[in-house]
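Asker: Here it is, the structure in full.
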Amino acid sequence: MKKVNVMIRYFALIFCMISGLNVVAQETTATQETKEKKEKSAEIVFDNLVHDYGTIFEGDPGECEFVFKNAGKEPLVLSNVYSSCGCTIPSWPKDPIMPGKSSSIKVKYNTTRQGGINKTITVLSNSGENKQVELRITGNVKKKEESTYPEKDPSSMLAEPKK
């Protein structure tokens, strides 16, 4: 009976070892397939992920541009680009970006709103590693100061008084 128990434990141990090796082999194969797929896919790479407007004034143009490149081996397709707020409007290329080529996402912020800017623009694409990228715009919109110039032509104020 002891021999049978020892044999069962021995076979169980061998079975576990073989199963473990099989799992490792499957994980290695899956990792290699993922790596090969990544190397063959499109890859979106941005020059900058954040645009800081600094301090701008109410009514100033709140436009900026995020430049990106397809560093992959397949055409890059942007499936959707959207912002965290209706005051921020992105526009993006609808046609595929070929490998090695660059393009940009243009963003327009409504500067009629005073105060801090901290908005997110989400980019969805077929990029192998970065299928979703978040861009940000930051800054501060201040009220435009009213002109303090006199209504009259300033040069007339410099004329010498009549004698």
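Asker: Would you point out the residue of segment 98-120, among those that are of a type in the set (V, I, T) and either modelled with pLDDT of 95 or more or surrounded by fewer than 18 Cβ atoms within 10 Å (Cβ to Cβ) (or both), that is farthest from N140 (Cα to Cα)? Spell out how you get there, then give the answer.
Answerer: So the first thing to find is which residues in segment 98-120 are of a type in the set (V, I, T), and the list is 105, 107, 111-112, 117, 120.
Now drop any that are not either modelled with pLDDT of 95 or more or surrounded by fewer than 18 Cβ atoms within 10 Å (Cβ to Cβ) (or both), which leaves 105, 107, 112, 120.
On the way: I105: 21, V107: 16, T112: 12, T120: 15 Å.
My answer is I105.
Asker: Within segment 54-70, track down each residue that is over 14 Å from G139 (Cβ atoms) and either at pLDDT 95 or above or crowded, with 16+ Cβ neighbours inside 10 Å (or both). It would help to see each step written out before you state the result.
Answerer: Within segment 54-70, the subset over 14 Å from G139 (Cβ atoms) is 59, 65-70.
E65, F66, V67, F68, K69, N70 - these are the residues of segment 54-70 that are over 14 Å from G139 (Cβ atoms) and either at pLDDT 95 or above or crowded, with 16+ Cβ neighbours inside 10 Å (or both).
Asker: Still on this structure, I have one more. Do we find that T88 is touching a residue at least 24 places away in the same chain (Cβ under 8 Å), more than 16 Å from E65 (Cβ to Cβ) and either out of contact with any helix residue (DSSP H, G or I) (no Cβ under 7 Å at 6 or more places or on another chain) or surrounded by 12 or more Cβ atoms within 10 Å (Cβ to Cβ) (or both) in this structure? Steps first, please.
Answerer: Numbers: touching a residue at least 24 places away in the same chain (Cβ under 8 Å): yes; more than 16 Å from E65 (Cβ to Cβ): no; either out of contact with any helix residue (DSSP H, G or I) (no Cβ under 7 Å at 6 or more places or on another chain) or surrounded by 12 or more Cβ atoms within 10 Å (Cβ to Cβ) (or both): yes.
No: the conditions fail for T88.
Asker: I'm trying to understand the selection: among the residues of segment 127-144, which are surrounded by fewer than 18 Cβ atoms within 10 Å (Cβ to Cβ) and either free of Cβ contacts under 8 Å to residues at least 60 places away in the same chain or in contact with a Leu (Cβ under 9 Å, 6 or more places away or on another chain) (or both)?
Answerer: Let us first name the residues in segment 127-144 that are surrounded by fewer than 18 Cβ atoms within 10 Å (Cβ to Cβ), namely 129-132, 134, 136, 138, 140, 142-144.
Those that are surrounded by fewer than 18 Cβ atoms within 10 Å (Cβ to Cβ) and either free of Cβ contacts under 8 Å to residues at least 60 places away in the same chain or in contact with a Leu (Cβ under 9 Å, 6 or more places away or on another chain) (or both): K131, Q132, E134, R136.
Asker: With respect to K94, is the statement that it is surrounded by 12 or more Cβ atoms within 10 Å (Cβ to Cβ) and among the basic types (K, R) true? Quick ask: steps written out before the conclusion?
Answerer: On the way: surrounded by 12 or more Cβ atoms within 10 Å (Cβ to Cβ): no; among the basic types (K, R): yes.
No: the conditions fail for K94.
Asker: Sticking with this structure for a sec: Out of (1) more than 13 Å from K119 (Cβ to Cβ); (2) at pLDDT 95 or above; (3) not charged (D, E, K, R), what's the single condition that is false for H51?
Answerer: Going through the list (1) more than 13 Å from K119 (Cβ to Cβ); (2) at pLDDT 95 or above; (3) not charged (D, E, K, R), H51 breaks only (1).
The values are calculated or read from the model by the stated rules, or taken from the named source; none is laboratory data. As the structure is a computational prediction, the values presented were derived from the model and not from experiment. Quick reminder, even Gly has a Cβ in these numbers, built from the backbone with ideal geometry, and neighbours come from all protein chains shown.
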